[in-house]
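Just so it is clear, none of the values below were taken in a lab; they were calculated from the coordinates. All values derive from a computational prediction rather than experimental measurement.
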Amino acid sequence: MRDKLLADRIRAAACVVLKHAGGAPLSLREIVDAVRELGIPIPAPANKTVSDLLRTELNRNHVRRYGWGSYRIGDLPRTTEQGMRRRIDSYVLGMAVYKNSQNGLTDDQARAIQQARAQSSGRRLSEFS
């Protein structure tokens with residue numbers, strides 16, 4: 001993947017998704033769908049892109065391969081997970097600001113709206129249902 005920043009976002013989001021699964025194995029399709037639900041674009045072919053990026057996390061023992069096309073969380077230190085969550089939160093917030101600026105809102109107004117939505121739901125921006 002040429003865009004290192006996008007690759008980092010996808011890899012971080014995939015690890016956070018697996019962490020939320022509570023150790024249960026997830027298929028590549030489930031991981032791809034959850035990452036897209038976070039608002040992070042994945043270039044085609046999505047399954048191959050995610051599996052290639054998870055290979056890096058396999059080498060770090062952050063992710064374990066459970067079977068063909070299935071992964072589960074490995075040993076993900078809390079500080080690493082927090083850093084991943086911060087990167088995802090900042091990306092999601094930045095995209096919300098960009099989209100709202102297209103609608104005529106200022107950056108401060110868009111941030112306030114997005115933070116109010118996150119607080120009212122009691123979730124972080126990077127969490128998914």
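For region 1-100, the fraction of C-alpha pairs more than 23 angstrom apart is 18%. Panel note: the C-alpha atoms of region 43-85, placed on their principal axes, show extents of 31, 23, 14 Å (largest first).
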